[in-house]
Amino acid sequence: MRPKSGDALDDEEKALRRLRGAVDRLGEEIKRGLPDEEIARREAEVRALCAELFPDKLELFDQLYGRRFRRLREQFADPLAKSGGSRQNSQDE
């Protein structure tokens, strides 16, 4: 296997930063209470970005980030959203 040139390394680093930024943004949005449907849509978008940037790394993406997003959903899920209630109603009572 031939070592990568400086330009190839720069391109890979830029792609990695782009993917990492998308993953981090989604993690923050999950923590702020993004609805489950939106999380699923955004997770699919981030996975598609990974497929575009690193097509041979999707299995690794699923193992690492699939678990991370699932854990964040469980940790920061709004119990009222799952039961059909709303945050506003519970604050008014």
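The values are calculated or read from the model by the stated rules, or taken from the named source; none is laboratory data. Keep in mind the model is a prediction, meaning the values are calculated, not measured. Please note: Cβ atoms are built from the backbone with ideal geometry, for glycine as well, and neighbour counts cover all protein chains shown.
If I go through region 22-66 residue by residue, how many of them are part of a helix (DSSP H, G or I) and aromatic (F, W, Y)?
2
Out of region 31-68, which residues are closer than 30 Å to D11 by Cβ, out of contact with any Lys or Arg (no Cβ under 9 Å at 6 or more places or on another chain) and in contact (Cβ under 8 Å) with a residue 40 or more places away in the chain?
Result: R68, single match.
Looking at region 29-47, which of the residues that are of a type in the set (A, V, I, L, M, F, W, C) and surrounded by 11 or more Cβ atoms within 10 Å (Cβ to Cβ) is farthest from F76 (Cα to Cα)?
Within region 29-47, the match that is farthest from F76 (Cα to Cα) is V46.
Take L26 and decide whether it is within 16 Å of R73 (Cα to Cα) and surrounded by 12 or more Cβ atoms within 10 Å (Cβ to Cβ).
Values: within 16 Å of R73 (Cα to Cα): yes; surrounded by 12 or more Cβ atoms within 10 Å (Cβ to Cβ): yes.
Spelling it out, L26 is indeed within 16 Å of R73 (Cα to Cα) and surrounded by 12 or more Cβ atoms within 10 Å (Cβ to Cβ).
Counting only residues that are at pLDDT below 60 and of a type in the set (D, E), which one in region 58-93 is nearest to R47 (Cα to Cα)?
The selected residue is D92.
Select from region 1-23 the residues that are of a type in the set (A, V, I, L, M, F, W, C), loosely packed, with under 11 Cβ neighbours inside 10 Å and either modelled with pLDDT of 95 or more or touching a strand residue (DSSP E or B) at 6+ places or on another chain (Cβ under 7 Å) (or both) and list them in ascending order.
Within region 1-23, no residue meets the criteria.
Pairs only if they're at least six apart or on different chains, beta carbon under 6 angstrom, first in region 14-29 and in contact (Cβ under 8 Å) with a residue 24 or more places away in the chain and farther than 18 Å from F69 by Cβ, second surrounded by 12 or more Cβ atoms within 10 Å (Cβ to Cβ) and not hydroxyl-bearing (S, T, Y); list them, first residue then second.
Pairs found: A15/L53.
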